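A quick write-up on the structure given underneath.
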Amino acid sequence: MNQGYFIPMTHHKVETEIKRSQFITHIGHVSNRPEAEAFIKQLRLTHPQATHVCWAYIAGAPNTTVMSMSDDGEPNGTAGRPMLNALQYSGLGEIVAVVVRYFGGTKLGTGGLQRAYGGCVKEALLTLPTQEKIAQVSLLIECGYEFEALVRHVLQQYNALLEQCDYGQNITLQLQVALEQVNALTAELTNRSSGAIHSKLLNNIR
C-alpha cells in the first residue's frame, strides 16, 4: 500500500536565460489528469507568443502510471522526457511542470535542449515549497448502538474523518483515516469491544 509523499504546496515560477532564449518554468499541484491538462492549457493562453510550451506531469502518487509529457515542437525527446525524468527523480507526486520558451536566436542543439529543459525543472524544484500528503483510506465500521459513544471517542483520538453514518439494525460508519493508523485504530476498537465492533478496509487510497 502507498505511504505518504510530498506534493507542491503552491504554483511556483522560475525564469532562466540560456543563450538568449528565455525559459519560464512553472510547477503546480495537480491530483489528476484533467487538472494537469487545465494547468497546461492556462499557460498556453497566458503565453500565446511563446515559441514552445513543453510539459510533463505525474498526476497522482510518485509511483502512478498516470503521467505524460510533450516536446511541443522541439526535437523528439529533448524537452518532455528530461522534464519528466526530473519529476520522477524528485520523488514528488501530484505535480506538473511546464517550461515556456521564447527563442532567442541561438540554437542549442539536441544535447543543449535536453540539458536546458531538464535543468530548468531541476532548478525550479530546488526552491519549490512542498508539503506532505498523508495517504488516507476508507474504513467501514459496524457496531451495536451500545458502542456508538466508544467508537466516536476512539475516532477522535485518531483524527479520523467521519463521512457517513447510517442507523439501521446496527450503526454503520464510513470514515477516512490515515493509512499508517488503520491497524492501531481497528485493533483498539476490537480489543475494547471484545470483538463486537467489526471493521472493513475499503480498497481506495486517497
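The values are calculated or read from the model by the stated rules, or taken from the named source; none is laboratory data. On a predicted model such as this, the values are computed, not experimentally measured, just so you know. Virtual Cβ from ideal backbone geometry, glycine too; neighbours counted across all protein chains shown. Areas reflect the complete protein model, heavy atoms only, side chains present, ligands, DNA and RNA absent. Shrake-Rupley method; radii C 1.70, N 1.55, O 1.52, S 1.80 Å.
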Whole-Å distance, taken between Cα centres, linking the range 93-116 and the range 9-72: 11
Whole-percent carbon and sulfur share, accessible surface of the chain, 1.4 Å: 48
For the chain, built as a Gaussian network whose Cα springs stay under 10 Å, the top-fluctuating residue of 70, 193, 90: 193
Largest to smallest accessible area among 83, 9, 69 [probe 1.4 Å]: 9, 69, 83
Cα-Cα P(r), the chain, percent of pairs per 10 Å interval: 8, 30, 22, 15, 13, 9, 4, 0
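Let me know the charge dipole size of the chain about its Cα centre in debye, to the nearest 20, where only the beta-carbon of Lys, Arg (+1) and Asp, Glu (-1) is charged. Intermediate values should be presented prior to the final figure.
Working: 16 positive and 17 negative charges, 187 e Å.
Taking the Cα centre of the chain as origin, the dipole is about 900 debye.
Give the Rg/Rh ratio for the range 138-177, taking Rg as the radius of gyration of the Cα atoms and Rh as the Kirkwood radius, to two decimals.
Numbers: Rg = 9.4 Å, Rh = 10.1 Å.
So for the range 138-177, dividing Rg by the Kirkwood Rh gives 0.93.
So which trypsin sites (Lys or Arg not before Pro) in the range 1-106 are both in a DSSP loop and have at most 16 other Cβ atoms within 10 Å of their Cβ? Intermediate results must be reported in sequence, preceding the final value.
On the way: sites: 13, 19, 20, 41, 44, 101; in loops: 19, 20.
Here the trypsin sites (Lys or Arg not before Pro) that fit, given the DSSP loop and packing criteria, are 19, 20.
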Just to be sure I understand: if I project the alpha-carbon convex hull of the range 114-206 onto a plane and average over all orientations, what area do I get in nm²? 8.3
